[in-house]
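Remarks on the structure that follows.
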Amino acid sequence: MQVLERTPTLQTKLPAVGTTIFTVMSQLAFDKGAVNLGQGFPDFACDPALVNFVTSAMQSGHNQYPPMTGVPALRNAVATKIEALHARKYSADTEITITAGATQAIITAILAVVRAGDEVIVLEPCYDSYVPNIELAGGTVVRVPLTPKTFRPDFDKISAAITPKTKAILINSPHNPSATIWSEAEMLRLQEILAPTDILLISDEVYEHMVFDSAQHQSAARFPGLAARAFIVSSFGKTYHVTGWKVGYVAAPASMTAEFRKVHQFNVFTVNTPVQHALAAYMANPAPYQELPAFYQRKRDLFLDGIKKTRLKPLHTQGSYFQCVDISAISDLGEADFCKWLTTEIGVAAIPLSAFYGNGFDQRVVRFCFAKKDETLQLALDRLAKL
């Protein structure tokens, strides 16, 4: 009897998801030999001492499963850091969980609390995993735009979006892609709006140590009314220039952490053991994250000085390692077409902000990443000087 090969037809859970703009632009940059300032990752090495700590952990036998919740020493280090920076005490045992990067942390938080029919507010433009995560959980995405060009939260629109079905709101500061940061007044306003509700907060703070011009990162941990309802997400990869290690953490009240861990243990179960031990040892010295604002502010200023010699109009970068520019004075092309032209003809890749909106809203703004070696940035600037 002949058996025919037949792959069953699948009904996709994410019909709107295709190849991301990041993949498209990175491939185009590779094909054209362009400087890739599109994707947000460093092209320089991390501190060799951190790598040595990983080697030491492996040689010391830390190569089997760690606790599901994370290596105790690392959870303690995270709790100590948060208390020192934000005066909020979290229990390392019951309120800190080590995750396989921030993206896993975010989807795990959403899966833990969002049920079919629940509404989740996202502020656009937003990181591209938020919406698919909510849809996979069976939730309904409620999109609220940040103010165009300034990217400040519009609290009237946020308040108007809240309904009895609202389960959670996602915020991100420092913000990807706009490079803005939330002010203390804005966090207090959010706290006031959420106070009479049972709405949960997912606070994406992966760029927490990249805040410039003597500003201070306003973590949700600083505000009792927000901390009591928040999953606070951060990333060791962003902080220590090791994005490929995919290690992050979540801080949340014990009752919320218990639900988070129920999903986490069946999602990834646990996270790379020797890397956790290495990060714990490395965090004994706070200097690397304390010095990060100055490190990236210098790169921002180097890139900004070059951009100001072109017809690109830079928007103010308050935090993260991104620089947005207005392209209106250079081209009538839409953002996506401009980025393809820039990559092909000028030899520098950027990302259109329209890719961070569900409706492709085009405000003639594109995003560069300056988390690059100085020579990479200078090469890009030499090419952009043609503009």
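Readers should treat all values here as calculations from the given coordinates under stated rules, not as data from a laboratory. Quantities reported herein were computed from a predicted structural model and do not represent experimental measurements. Ideal geometry is used to build each Cβ from the backbone, glycine not excepted, and the neighbour counts take in all protein chains shown.
List the residues whose amide H sits under 5 Å from the amide H of GLY347, counting only those 5 or more places along or on another chain, with H placed 1.01 Å from N in the peptide plane.
Long-range HN contacts for GLY347: none found.
What trypsin sites (Lys or Arg not before Pro) does segment 26-94 have in DSSP loop regions with at most 12 other beta carbons within 10 Å?
Details: sites: LYS32, ARG75, LYS81, ARG88, LYS89; in loops: ARG88, LYS89.
Listed in order of number, the matching sites are LYS89.
What FRET efficiency do you get for SER159 and TYR357 if R0 is 22 Å and r is their Cβ-Cβ distance, rounded to the nearest 0.05?
With a Förster radius of 22 Å, E is 0.55.
Calculate, in nm to one decimal, what THR344 and ARG115 gain on full extension: separation in residues at 0.36 nm each, minus their alpha carbon distance. Walk me through the intermediate numbers first.
Details: separation 229, 0.36 × 229 = 82.44 nm, distance 4.44 nm.
That works out to 78.0 nm of additional length.
Suppose only helical runs count, i.e. DSSP H with n ≥ 4. What mean residue ellipticity at 222 nm does that imply for the chain under -39500 (n - 2.57) per run, divided by all residues and rounded to the nearest 500 deg cm²/dmol?
Working: 15 runs with 148 residues, N = 387.
Result for the chain, helices only: -11000 deg cm²/dmol.
Taking 56 Å as R0, compute the FRET efficiency from the Cβ-Cβ separation of ASP301 and GLU5 and round it to 0.05.
Once rounded, the FRET efficiency stands at 0.40.
If R₀ is 25 angstrom, what is the calculated FRET efficiency for the pair LYS149 and LEU14, using the beta carbon separation as r and rounding to 0.05?
On the way: r = 30 Å, r/R0 = 1.21.
Calculated value: 0.25.
What is the extension gain from ASP337 to GLN216, computed as 0.36 nm multiplied by their sequence separation minus the C-alpha to C-alpha distance, in nm to one decimal?
39.9 nm
Please identify the DSSP H helices in the chain that span no less than 20 Å along the helix axis (Cα) and have a mean Kyte-Doolittle hydropathy of 0.0 or more.
Span-like helices here: 72-86.
Using per-residue counts of other Cβ atoms within 10 Å, averaged over each peptide, order 164-173, 354-363, 3-12 from highest down. Don't jump to the answer; show the numbers that get you there.
Working: 164-173: 20.4, 354-363: 15.9, 3-12: 5.1.
Answer by packing, highest mean first, reads 164-173, 354-363, 3-12.
Just to confirm my numbers, what's the Cα centroid distance between segment 142-205 and segment 314-337 in Å?
The two parts, judged by their Cα centres, are 23 Å apart.
Please give the net charge around PRO174, taking every other residue with its beta carbon less than 11 angstrom from that of PRO174, where Lys and Arg add +1 and Asp and Glu add -1.
My count for the surroundings of PRO174 gives -2.
Over the chain, one equal point on each Cα, no solvent: what is log10 I(q)/I(0) by the Debye formula at q = 0.09, 0.11, 0.14 Å⁻¹?
Each listed q maps to, in turn, -0.54, -0.81, -1.28.
In debye, nearest 20, what is the charge dipole magnitude of segment 48-285 about its Cα centre with +1 on Lys and Arg Cβ and -1 on Asp and Glu Cβ, if you could check?
Dipole magnitude for segment 48-285 comes out near 300 debye.
Nearest 5 percent is fine: what portion of the DSSP beta bridges confined to the chain is antiparallel?
The antiparallel proportion sits near 45 percent.
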